[in-house]
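Visitor: Pasting a structure here, questions to come.
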Amino acid sequence: MRFVSVRELNTKPKEVWGKVRDGELVVTSNGKPIALLSPVTEETLETTLRAMRRSRALMALEALQKKALESGLDRLT
């Protein structure tokens, strides 16, 4: 995975957009990840958005299940 800082994104946008065409980039601020940049085309935009939304939903579900397990709510009827 390749990383790019917010500062680099602001100062060298042309270079960063060129890197996005080669694959995903993690955008960082103060060394911490804050966003993902992923290449898309008109043809792949909807599929990519659906996949990202599905992934976020699964992550949220896993977090809820973990919280329920930790608090004992997973055993309620």
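Visitor: Would you check if MET1 is open to solvent by 100 Å² or more (accessible area, probe 1.4 Å), aliphatic (A, V, I, L, M) and in contact with a strand residue (DSSP E or B) (Cβ under 9 Å, 6 or more places away or on another chain)?
Guide: Details: open to solvent by 100 Å² or more (accessible area, probe 1.4 Å): yes; aliphatic (A, V, I, L, M): yes; in contact with a strand residue (DSSP E or B) (Cβ under 9 Å, 6 or more places away or on another chain): yes.
So MET1 fits the description; yes.
Visitor: Let me ask something additional. Considering segment 35-52 alone, what residues qualify as being under 24 Å from GLU8 (Cβ atoms), of a type in the set (A, V, I, L, M, F, W, C) and assigned to a helix (DSSP H, G or I)?
Guide: The answer is MET52, and nothing else.
Visitor: If you take the residues of segment 56-75 that are exposed (fewer than 10 other Cβ atoms within 10 Å of the Cβ) and small (Gly, Ala, Ser), which of them is nearest to PHE3 (Cα to Cα)?
Guide: Across segment 56-75, the extreme among qualifying residues is SER71.
Yes or no, residue by residue, for (1) assigned to a helix (DSSP H, G or I); (2) under 17 Å from the mean Cα position of the chain (by Cα):
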{"residue": "VAL26", "(1), (2)": "no, yes"}
{"residue": "SER55", "(1), (2)": "yes, yes"}
{"residue": "ALA68", "(1), (2)": "yes, no"}
{"residue": "THR77", "(1), (2)": "no, no"}
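Visitor: What is the one condition in (1) out of contact with any helix residue (DSSP H, G or I) (no Cβ under 9 Å at 6 or more places or on another chain); (2) outside any strand (DSSP E or B); (3) surrounded by 11 or more Cβ atoms within 10 Å (Cβ to Cβ) that GLU8 does not satisfy?
Guide: GLU8 satisfies every listed condition except (1).
Visitor: Test SER38 against the stated conditions and say whether it is at pLDDT below 95 and touching a Ser or Thr at 6+ places or on another chain (Cβ under 7 Å).
Guide: Considered against the rule, which asks whether it is at pLDDT below 95 and touching a Ser or Thr at 6+ places or on another chain (Cβ under 7 Å), SER38 comes out as yes.
Visitor: Applying the selection to segment 34-55, what residues are farther than 19 Å from GLY18 by Cβ and surrounded by 10 or more Cβ atoms within 10 Å (Cβ to Cβ)?
Guide: ILE34, LEU45, GLU46, THR47, THR48, LEU49, ARG50, ALA51, MET52, ARG53, ARG54, SER55
Visitor: May I ask you to list the residues in segment 28-59 that are of a type in the set (A, V, I, L, M, F, W, C) and without any contact (Cβ under 8 Å) to a residue 24 or more places away in the chain?
Guide: Within segment 28-59, ALA35, LEU36, VAL40, LEU45, LEU49, ALA51, MET52, ALA57, LEU58, MET59 meet the criteria.
Visitor: For residues that are in a helix (DSSP H, G or I) and either surrounded by 10 or more Cβ atoms within 10 Å (Cβ to Cβ) or within 16 Å of the chain's Cα centre (by Cα) (or both), tally how many sit in segment 11-24.
Guide: The qualifying residues number 8.
The values are calculated or read from the model by the stated rules, or taken from the named source; none is laboratory data. Keep in mind that what you see is a predicted model, and the values were worked out from it rather than measured. Counting neighbours? That spans all protein chains shown, and the Cβs are built from the backbone with ideal geometry, glycine included. These area figures cover heavy atoms from the full protein model, side chains too; ligands, DNA and RNA do not enter into them. Shrake-Rupley method; radii C 1.70, N 1.55, O 1.52, S 1.80 Å.
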